[in-house]
Amino acid sequence: MERVRRLATAGVTVTLALGAGHYMEASAQRARDDLRPTHVIPVSAEIPAAETAQTAESPAPKLPQGSPTADTEAACLTGLTLAAEPAAMLALTITAPCRADERVVLRHGGLAVTGRLSSAGHLSTHLPALDTQGRVAVLFADGSQAEAAQPIPEAAAVHRFGVQWLGAHGIEVHAFNGPVQHGGPGHVSAVDPGRTSGRGGFLSLLGEAEVPLPMLAEIYTFPIADPRATVQLEAEVRASTCGRALLAEVVESVGGRTSVTELTLDMPACDGVGGHIVLKNLPRDLNMAASR
């Protein structure tokens, strides 16, 4: 059944970002200066584990075997591995035994989302590949960084469109295959992200919300040659968002080439709480069509 939505009005400002992840990176750095990188630990996804550990150790000074400092540093090595998965997805695994429960930022192709390591310093997750190079960087709380790359040639055959934002508020991605109504077959959203919109379209919900300064994203994937797929962005008018501007970035990847666009939604006054701002005709353009 189609959801009933009260009318609301809002202004929309769209500008081309100065660089991939411009808004997300600038906002996070202003709030957390300690996230500025101080050094890079190169960890290749394509070399054996023994060589990976050797590469990570190479920038560090050599210490005598068996010394307490040497043993501690060996036990605290950080590992980042990537693997290619179907539907042009990247499987990511972080192993950092001395970083229990730490907040991390995962960056790839203009996408920037938060994660949290387990009590054992472990994190496994998936990212939609936005380019064919498949390079991922992980930024830790002390400013150190790990990088790896896993080529994903299949990314050239898909179209990805979505939105990323910083903080608790959200702008939702809704995808439809043909003349589909809200809640009907072929409607994909965060309410039912496992549902496909036909011909393989699916939604990825990205980022850990239960960390300080959460960086979250929703990315919809569909075949690059599918003319029936339509995508729109929606923002619910809430007591926490009414009467102010929502800042976000639109992320799009077509044939393995990524663009990032800044998006500002001027939300309606608080008498519009319960309504939804709808941006239609996406990703072909970013003009606001109507509110529901």
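Per-residue surface analysis assigns Leu106 an accessible area of about 10 Å², computed on protein heavy atoms at 1.4 Å probe radius. In order along segment 110-116, the phi-based Karplus estimate (6.51 cos²θ - 1.76 cosθ + 1.60, θ = phi - 60°) of 3J(HN,Hα) comes to x, 8, 9, 9, 8, x, 9 Hz; Gly and Pro are listed as x. Treat each spin label as a single point 7 Å out from the Cα along the C-beta direction, and report the Ala120 to Asp192 distance in nm. Result: 3.6 nm between the two label points. By a 1.4 Å probe calculation restricted to protein chains, His122 has an accessible surface near 80 Å², given to the nearest 10. Going by accessible surface with a 1.4 Å probe and the largest first, Val251, Val191 read Val191, Val251. Relative contact order of segment 102-158: 34 percent, from C-alpha pairs under 8 Å at least 6 residues apart in sequence. Note on Glu208: accessible area approximately 60 square angstrom, rounded to 10, probe 1.4 Å, nucleic acids and ligands left out.
The values are calculated or read from the model by the stated rules, or taken from the named source; none is laboratory data. Quick caveat: nothing in here was measured; it's all calculated off a predicted structure. A quick note on method: Cβ atoms are made from the backbone with ideal geometry, for glycine too, and the neighbour counts reach across all protein chains shown. In case anyone asks, the SASA skips ligands and DNA or RNA and just uses the protein heavy atoms, side chains included. Shrake-Rupley method; radii C 1.70, N 1.55, O 1.52, S 1.80 Å.
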